[in-house]
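Take a look at the structure set out below.
Please treat every number below as a calculation from the coordinates, not as lab data. Not measured: the values here are computed from a predicted model. Positions of Cβ are generated from backbone atoms using ideal geometry, with glycine treated the same way; all protein chains shown enter the neighbour counts.
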Protein chains: 4
Amino acid sequence: MSIIRVGCELRYRVTAPTSFLFNVAVADTTHQVVRQEHFTMVPQNEYTVENIGEEGNRIVRLQAKVGDFSLQYQATVTLEPEVDDPPTIMEAEHPELPSEVLPYLNPSRYCESDRLLRLAGKEFGEIAPGYSRVAAICDWTHARLDYVAGSTDARSSACDVLVQRAGVCRDFAHVALTLCRALSIPARYVSGYAVGLNPPDFHGFFEAYLGTRWYLFDATRMAPRDGLVRIGTGRDAADAAFATIIGAATLKDMTVSAQELTDEIAAQPTGDEPAISTA
Amino acid sequence: MSIIRVGCELRYRVTAPTSFLFNVAVADTTHQVVRQEHFTMVPQNEYTVENIGEEGNRIVRLQAKVGDFSLQYQATVTLEPEVDDPPTIMEAEHPELPSEVLPYLNPSRYCESDRLLRLAGKEFGEIAPGYSRVAAICDWTHARLDYVAGSTDARSSACDVLVQRAGVCRDFAHVALTLCRALSIPARYVSGYAVGLNPPDFHGFFEAYLGTRWYLFDATRMAPRDGLVRIGTGRDAADAAFATIIGAATLKDMTVSAQELTDEIAAQPTGDEPAISTA
Amino acid sequence: MSIIRVGCELRYRVTAPTSFLFNVAVADTTHQVVRQEHFTMVPQNEYTVENIGEEGNRIVRLQAKVGDFSLQYQATVTLEPEVDDPPTIMEAEHPELPSEVLPYLNPSRYCESDRLLRLAGKEFGEIAPGYSRVAAICDWTHARLDYVAGSTDARSSACDVLVQRAGVCRDFAHVALTLCRALSIPARYVSGYAVGLNPPDFHGFFEAYLGTRWYLFDATRMAPRDGLVRIGTGRDAADAAFATIIGAATLKDMTVSAQELTDEIAAQPTGDEPAISTA
Amino acid sequence: MSIIRVGCELRYRVTAPTSFLFNVAVADTTHQVVRQEHFTMVPQNEYTVENIGEEGNRIVRLQAKVGDFSLQYQATVTLEPEVDDPPTIMEAEHPELPSEVLPYLNPSRYCESDRLLRLAGKEFGEIAPGYSRVAAICDWTHARLDYVAGSTDARSSACDVLVQRAGVCRDFAHVALTLCRALSIPARYVSGYAVGLNPPDFHGFFEAYLGTRWYLFDATRMAPRDGLVRIGTGRDAADAAFATIIGAATLKDMTVSAQELTDEIAAQPTGDEPAISTA
């Protein structure tokens, strides 16, 4: 069990009345329990918290007036992940997959798995199915992509990134999860906070459905997996934007933080940690 | 009220044990009531009916052995659509949209609405919001695209189709619904049966969320909207494939039918029918 | 006849020995006569002037050492374009096209004319062939695209720009010339200096082959056509980069200028100037 | 020295007066000498033979009337390639490249080398420059792509093929030559006849400029390199289509043949043959 404090501050210049959806609040699940959380808005503003999407992401929804607007969020969560031994984790056969995970085999905006069937088959078809095959996908992704800030934009999909061989965390997650889907392994995107990320920022990683549950993976190796705190879950980053803006607002400044209050989290990701599930 | 009998027969050659998901059974909703339905499989085969996806599409799920396999489906439905007068139907402002429709503003595999913000703004930004604006999108799509069988394939997205200016029903639906999303109008794909389609086939159309409900649109003008029978609903055609095949099977032959048993359905689509909602 | 003085200064930081190709020297043709020109390099550097490509672009070629390096170029040219009356200019039939212009019907990196046959046919197929049809393509391009600095990058092709509906001068040229090729009108890219451009910069425009010669067009309407001074000519911008760098060098600063010394050039482009040919 | 007889017959249904460019006649160069050639047209038709493009491809140009039209071509060529020992062949440094090969470093329609700089660097940047590096590119391409008839179409570019991992001969050539360009090795597409191709067809391969000349490579390994007979040379397949059709004509039937009359040609390609240059 570990206790993690996370937070962010987002400061906007609003130039016309704007409808905001913020997806920065952490998820509250069996394995990730929210002990305390707090929103502060300057100026004060009415808001609602709603659940949206297939996984019920918690969205802070509000309408901001013209002027400066900032949202500050702070939470403390307890992580008690299900920890399993990788060699014991098999891939489920397609007939065994529960119906609620089947949509995560479909291609999505940034994850055109339909285009990568042959590539996935050629690169990973000979590897024994199971947790280690998804780990091999992460290794492959990590080896082939350079992490380069600014190398991609909001239009870049997994196929684009595979061609240009560079991206940021969301691109690493998109590439790896798309390869999973192309092998008939359900996979989905997770946005979150991450202990040990340098520089601190929101993070993007993914889950693959193996055996009977969702396991966390991070192809960037930039943060230990047991320090990942889930915010949103979806088919790809399009479902988990930290802010959706309908109107006219400019992000002036953003800070993100995540600190462990206990001392349980792996200091450095090695790619060899145990299998972790928090869904 | 109209009564429609629909059906299909799908005949496969299965060359390895194969897991099938069939999405050919009609939806059962307040406005589309299933009076009777029947599945026949040759050879007989165990199957389950499951609901998947955000809208609970009814899936027939089974494992077929090597050999010939055919599925025959037949159903009778009563359509009692909500019928509204187009000029009375407004677009909902973003803050008014219920949280369950918000995911239908996100881009998806075949509907890259994030890339079309400027095109949609330039072509439709000056048109008064409301039902008539979505109708204008359908007119625009119909005027710009040629319906050409075989001109697209399973990889073709709305942007591809806008460039090549040709497609089939699913492409017309993708283009029009993507333009809706780019204008912040929630929109989603619907697969179905259609009275009057020539040659008979499965059909693809779409829904836009206006006022307080989902309205049906069909940019192909190939079938009257009051003769559309819903099968699956999703973000785009990736969520509503009539058959998903994991294994090795070849479609040898397919027939699809839809006949009206009453005499209420518009003979020819004109683009000027009243607004119809069956969701 | 008009006399124009053009020039540029390009200042680099070279961090490894670097091979440069500069395509900034003006073309010397029957209709564009170089009266005087001068290169200055700091530090002094050996260089050769070579002709490359189908149209013999004049390239300054050199190897720069590590350190600061700047190239200054200054030239005076006399423009005596062939001026024709637009209604008298027909499109050549395909059998009449001289063999040397046929390659300019082929698609190229940024001009995928093979993908736009149907779009071009639907939008321009009913317009009478001739100079006025190419002018109509320029009007159409100008109306549909926004000129937005930074909206495209070195990967953006005509099809990309048609989808996103924004670009800079090279994108406007690519879109319009691609549409010409899709209608079987040979068309090619021209880089140059332009009198009256604000802010001053290198410019990109295009030529279409009509009747028996190449005519200049500029879909941006940012500079009068009779003030366009040709540098490079090619299939698209890939053939006319002002600098090609093999090694490691960063552009620190660039200035470009073009002033008329006579008083013959149209003050403002209107789209209705006479037809001009300088090839 | 080997003597090869090649030929083709192309039979069309012409439904409107049509302008044809046929690029099926073999090139006549120092190393590939045309001993005899013959064109037969049914019905008889006037034609011209013209040279087009940067490398002077020999084009048969004609206008066909409505009705059936067939072109039969037959030629005998003597191949006396320059044969070199691979380890002696270096890559030229950029400053040493003659100006006429520089355009073959530019990206083209099907060869977006600008998008593959990082991939090429990561995969081949550590390999010693020279003939063997291009051979390694061919091996890599051959290992990663499946040869699948019908898997690509006239729009498929090198980047598309790298994603989908399947293609035909022109796609193999596009991928390999694009990787060369991305490493600053000039490379170009060659269409031709090939002894030993099964089934017989036109073939597509490529040349890379190394040392002081162009060397032939074939990433498909479907035919021995010393049995390749050049037809057209260009930036990519867009410059070397065997038939360009402006009008309305349908190819009904096509046969292609290539037989060796001597007995000098390697029976099976192994990837280890000596370096061959015929340009």
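May I ask you to derive the relative contact order of the range C:1-148, considering only C-alpha pairs under 8 Å and at least 6 residues apart, and to give it as an integer percent?
Relative CO of the range C:1-148 lands at 28 percent.
Taking θ as phi - 60°, what are the ³J(HN,Hα) couplings along the range D:23-32 by the Karplus curve (6.51, -1.76, 1.60), each to the nearest whole Hz, with x for Gly and Pro?
3J(HN,Hα) across the range D:23-32, in whole Hz: 10, 10, 6, 5, 6, 10, 10, 4, 9, 9.
Quick one: grab the alpha carbon gyration tensor of the range B:129-231, order the square roots of its eigenvalues as a ≥ b ≥ c, and give me rounded if a/c is under 1.5, else prolate or oblate depending on whether a/b is larger than b/c.
oblate
List every residue whose amide H lies under 5 Å from the amide H of B:ALA27, counting only residues 5 or more places away in sequence or on a different chain, with H placed 1.01 Å from N in the peptide plane.
Correct list: B:ARG230, B:ILE231.
Under the definition of partner shielding as Cβ atoms of other protein chains within 10 Å of a residue Cβ, what is the mean value for peptide A:117-123?
So the per-residue partner count for this stretch is 4.
Out of every Cα pair in chain A, what percent are spaced more than 36 Å from each other? Don't skip to the end; give the middle numbers.
On the way: 4996 of 38781 pairs.
For chain A, the share of Cα pairs beyond 36 Å comes to 13 percent.
Determine, for B:SER99, C:SER113, the number of other Cβ atoms within 10 Å of each Cβ, and report the residues in order from fewest to most.
The most exposed by this proxy come first: B:SER99, C:SER113.
Using θ = phi - 60° and the Karplus curve 6.51 cos²θ - 1.76 cosθ + 1.60, what whole-Hz ³J(HN,Hα) does each residue of the range D:190-195 get, with Gly and Pro shown as x?
Coupling constants for the range D:190-195: 10, 9, x, 9, 9, 5 Hz.
Based on the alpha-carbon gyration tensor of the range C:1-119 and its eigenvalue square roots a ≥ b ≥ c, which shape applies: rounded if a/c is under 1.5, prolate if not and a/b is larger than b/c, or oblate? Could you put the intermediate results ahead of the total?
Numbers: a/c = 2.88, a/b = 1.60, b/c = 1.80.
Oblate.
For Cα pairs less than 8 Å apart in space and 6+ apart in sequence, what is the mean separation divided by the residue count of chain B, i.e. the relative contact order in percent?
29 percent
Sequence gap at least 6, Cα distance under 8 Å: using those rules, report the relative contact order of the range D:86-234 to the nearest whole percent.
It rounds to 26 percent for the range D:86-234.
Can you list the distances in nanometres, one decimal and ascending, from the D:GLY121 label point to the identical position in each other copy, with the point 7 Å along Cα to Cβ?
3.4, 3.4, 4.4
Using Cβ counts within 10 Å as a stand-in for footprinting exposure, how do D:ASP68, C:ASP85 rank, fewest first?
The most exposed by this proxy come first: C:ASP85, D:ASP68.
Averaged across B:100-108, how many Cβ atoms of other chains sit within 10 Å of each residue's Cβ atom?
Per residue, the number of nearby Cβ atoms from other chains is 6 on average.
Let me know the shape class of the range A:8-57, please: from the alpha-carbon gyration tensor, a ≥ b ≥ c as square roots of the eigenvalues, rounded when a/c is under 1.5, otherwise prolate if a/b is greater than b/c, or oblate.
Prolate shape, in that a/c is at least 1.5 and a/b is the bigger ratio.
If you wrap a convex hull around the Cα atoms of the range D:73-114, how much volume per residue is inside, in Å³?
Considering the Cα atoms of the range D:73-114, their hull volume per residue is 180 Å³.
Using the Karplus curve 6.51 cos²θ - 1.76 cosθ + 1.60 with θ = phi - 60°, what ³J(HN,Hα) values do you get for each residue of the range B:64-80, in whole Hz, with x for Gly and Pro?
Values per residue, Gly and Pro as x: 9, 8, 4, x, 6, 9, 10, 10, 10, 10, 8, 8, 10, 10, 9, 9, 10 Hz.
Per DSSP H run of at least 4 residues, take -39500 (n - 2.57); add these up for the protein assembly as shown, divide by its residues and hand me the 222 nm value, nearest 500 deg cm²/dmol.
-4500 deg cm²/dmol
Provide a whole-number value for the mean count of partner chain Cβ atoms within 10 Å of the Cβ atoms in peptide A:85-96. Mind showing how you got there, number by number?
Details: counts 0, 0, 0, 0, 0, 0, 0, 0, 3, 10, 9, 1.
Per residue, the average neighbour count from other chains is 2.
Could you please point out the chain C residue with its Cβ nearest to the axis of the rotation taking chain C onto chain B, and the distance in whole angstrom?
Here the value is C:VAL163, 3.
So for the protein assembly as shown, what are the equivalent ellipsoid semi-axes in whole Å, largest first, each being the square root of 5 times an eigenvalue of the Cα gyration tensor?
Computed over the protein assembly as shown, the values are 49, 36, 34 Å.
Return the lysines within reach of A:LYS252: Cα separation strictly under 22 angstrom, same-chain partners fewer than 8 residues apart disregarded; answer none if there are no such residues.
A:LYS65
Among C:ASP263, C:ASP201, A:ASP114, rank each residue by its count of other Cβ atoms within 10 Å, from fewest to most, as a rough exposure measure. Intermediate results must be reported in sequence, preceding the final value.
Numbers: C:ASP263 8, C:ASP201 19, A:ASP114 16.
Fewest to most other Cβ atoms nearby, the residues stand as C:ASP263, A:ASP114, C:ASP201.
Among B:ALA166, B:ALA154, B:ALA135, determine the one that fluctuates most according to a GNM of chain B built with springs between C-alpha atoms less than 10 Å apart.
Result for chain B, Cα springs under 10 Å: B:ALA154 fluctuates most.
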